[in-house]
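Comments concern the structure below.
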Amino acid sequence: MTIARKEPKPSFPAGLLEGWPLLGLLSSGLVLGVLAALATSSGGSDGIRLVIRITARTSLVLFCLAFTASALFRACPNIWTRWQRRNRRYLGLSFALSHGLHGLAIIALANTAPALFKQLSNTGTLISGGLAYLFILAMAATSFDRTAAMIGPNAWRWLHLCGAYYIWLSFMVTFGKRAVMDPFYWPFITVLIAILGLRLCLPGKPLAAATATAGS
């Protein structure tokens, strides 16, 4: 995933599906979805686990949209892929919010059902997941023009490049462990492999070229 910096505004009215209004719409939908899941569940750890499952899947969808935005545009430039590339920053920030809600639900499960949480997790999972959250936080924090300029284009590019692939790996490991026990998760694995192939087959500018362009 690359939470990209601002691109030129389109020549038509943005509406609710462009830029910050899009982020607001997606954020509202995520929060309402979490509240609805808690309201319709049996409560307690069952409700929290439902939120964890829902936010894991919304995070995956939003990550895929941001992760493939440039590659899809290069493969097939059209109205949809142009919109996706233009709004990849806001899709990335929506992913950060979704996964933030996911993290809060995990913390809630650890507090309300510590025995269950210990059964479902281990030290390795906590460390690797914690690193993914550090990347997400750093990428979200540097998705604004001012903070991106503070760290410089070279560091920005490396952060978002390494972070995107580490987050992809984190999804692959998480869904892969579940796919071993439940075939329901195999479509998610297929999607993750497909988006990685798309990124590798249609790479963006080389790092040096991108850095020179950003600094000019």
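A few comments on the model shown:
- Candidate set: the range 41-51, residues that are among the polar types (S, T, N, Q) and at pLDDT below 85; chosen: the one surrounded by the fewest Cβ atoms within 10 Å (Cβ to Cβ): Ser42
- Pairs, first free of Cβ contacts under 8 Å to residues at least 12 places away in the same chain in the range 64-92, second part of a loop (DSSP other than H, G, I, E, B), C-beta under 9 Å, six or more apart: Arg82/Pro10
- Residue within the range 118-132 that is farther than 22 Å from Ser45 by Cα, surrounded by 12 or more Cβ atoms within 10 Å (Cβ to Cβ) and at pLDDT 95 or above present: yes
- The set of residues in the range 169-190 being surrounded by fewer than 11 Cβ atoms within 10 Å (Cβ to Cβ) and among the aromatic types (Phe, Trp, Tyr) consists of Phe184 alone.
- Filtered residue count, the range 154-167, keeping only those that are of a type in the set (Phe, Trp, Tyr) and surrounded by 20 or more Cβ atoms within 10 Å (Cβ to Cβ): 1
- Selected residue [under 21 Å from Thr147 (Cβ atoms) and either touching a strand residue (DSSP E or B) at 6+ places or on another chain (Cβ under 8 Å) or of a type in the set (A, V, I, L, M) (or both)] from Ala69, Ala75, Ala56: Ala69
- Residue match in the range 97-109 (condition: touching a Gly at 6+ places or on another chain (Cβ under 9 Å), among the polar types (S, T, N, Q) and in contact (Cβ under 8 Å) with a residue 12 or more places away in the chain): no
- The range 52-85, subset of a type in the set (Gly, Ala, Ser) and closer than 19 Å to Thr174 by Cβ, residue surrounded by the fewest Cβ atoms within 10 Å (Cβ to Cβ): Ala56
- Set Ala108, Ala66, Ala37: member being closer than 23 Å to Tyr165 by Cβ and of a type outside the set (Asp, Glu): Ala66
- Every test in (1) over 29 Å from Arg157 (Cα atoms); (2) modelled with pLDDT of 95 or more; (3) hydroxyl-bearing (Ser, Thr, Tyr) is passed by Thr68 save one, and that test is (1).
- Only listed residue being out of contact with any Leu (no Cβ under 7 Å at 6 or more places or on another chain), closer than 16 Å to Phe95 by Cα and not aromatic (Phe, Trp, Tyr), chosen from Ala164, Ala149: Ala164
- Options Ser94, Ser59; residue that is in contact with a Ser or Thr (Cβ under 9 Å, 6 or more places away or on another chain) and closer than 13 Å to Ser143 by Cβ: Ser94
The values are calculated or read from the model by the stated rules, or taken from the named source; none is laboratory data. Quick caveat, the model's predicted, so the values are computed rather than measured. Note: ideal-geometry Cβ built from the backbone for every residue, glycine included; neighbour counts use all protein chains shown.
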